[in-house]
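The structure appears below as structure tokens.
The values are calculated or read from the model by the stated rules, or taken from the named source; none is laboratory data. Nothing here was measured: the structure is a model prediction, and the numbers come from that model. When we count neighbours, we look across all protein chains shown, and the Cβ atoms used for this are built from the backbone with ideal geometry, even at glycine. Surface accessibility is based on the protein's heavy atoms, side chains included, excluding ligands, DNA and RNA. Shrake-Rupley method; radii C 1.70, N 1.55, O 1.52, S 1.80 Å.
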Amino acid sequence: MEIGKVVILAGGLGSRLAEETEVRPKPMVEIGGRPIIWHIMKIYSRFGLNDFVICLGYKGYMIKEFFSNYDLHMADVTFDMSANSTIVHHRRTEPWRVTLVETGETTMTGGRIRRVRDYIGDKDFCLTYGDGVAEVDIGALLAFHERHGLPATITAVQPPGRFGAIEIDPAGQVRSFREKPQGDGTWINGGFLVLSPRIIDYIDGDATVFEQEPLMRLSAEGKLSAYRHTGFWHAMDTLRDKRHLEELWASGRAPWRMW
């Protein structure tokens, strides 16, 4: 299906990752020397989606500065001081179009989506959070969304358990031990949504949390589908999460690196 923009929510405070987010917005926290938002954009770019709208908030100027200098950072450059000129050689940037929109420091997720409505256009669009990566097959997700014909599709995931699990019989003997098994079987919203612009009518204003009333209403009206993703998915909520993602990247086995 033909898709419009990719909207990334990048304005939250990231208070649970305060060790990093005191000095930078959460989407600018680095994994392998690149901001996590870069990794997310590379996932979409792998499937030919290169037109991004980024919802800014907390320390949004740092995201603007990153993209304003990105072309320079990715190229070989000659600075001719005598001629006061700059020559850029061998550009290695992706074919991205990036629109950075100030959506307010305290605006909730729904309010941020509503504030970028003029940049979305009239085609269905992708939406995700600026702090989570996954090996999601975006092509299959879009096909699923088109097949179901509903205004909203979420990618449903089952996060892994955080602790090991043991099974104990009545006598106190351990019958099984599993190190960090899959969670309790509950499916959760993993981001990587596909939405019709019509969903913006479900958002009242800046105080609207998209994951609450709008998605609940869409579900109650039978207008929300879920694409089950059983592969790798991980949100970077804490320093521990960041370290885990760093380790995966450093090992060369980062599952989300599909490019």
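How much FRET efficiency would the formula 1/(1 + (r/R0)^6) give for Tyr61 and His89, where r is the Cβ-Cβ distance and R0 is 35 Å, rounded to 0.05? That gives a FRET efficiency of 0.75.
Note on the chain: antiparallel DSSP beta bridges, both residues inside, total approximately 50 percent of the bridges counted.
Under the simplified labelling scheme, the Ser82-Arg117 pair shows an inter-label distance of 5.9 nm, with each label point 7 Å from Cα along Cα→Cβ. Under the combined filter of DSSP loop state and at most 16 neighbouring Cβ atoms within 10 Å, segment 51-140 retains these trypsin sites (Lys or Arg not before Pro): Arg91, Arg92, Lys123.
Per residue, the accessible area of the chain comes to 52 Å² when a 1.4 Å probe rolls over the protein heavy atoms. When the solvent-accessible area of the chain is split by element, carbon and sulfur atoms take up 48 percent of it, the probe being 1.4 Å.
Placing pseudo-labels 7 Å out from each Cα toward the beta carbon at Leu72 and Arg46 gives an inter-label distance of 3.1 nm. Backbone amide hydrogens, once placed in the peptide plane, bring Phe52 within less than 5 Å of Val6, Arg97, Val98, Thr99, excluding anything fewer than 5 places away on its chain.
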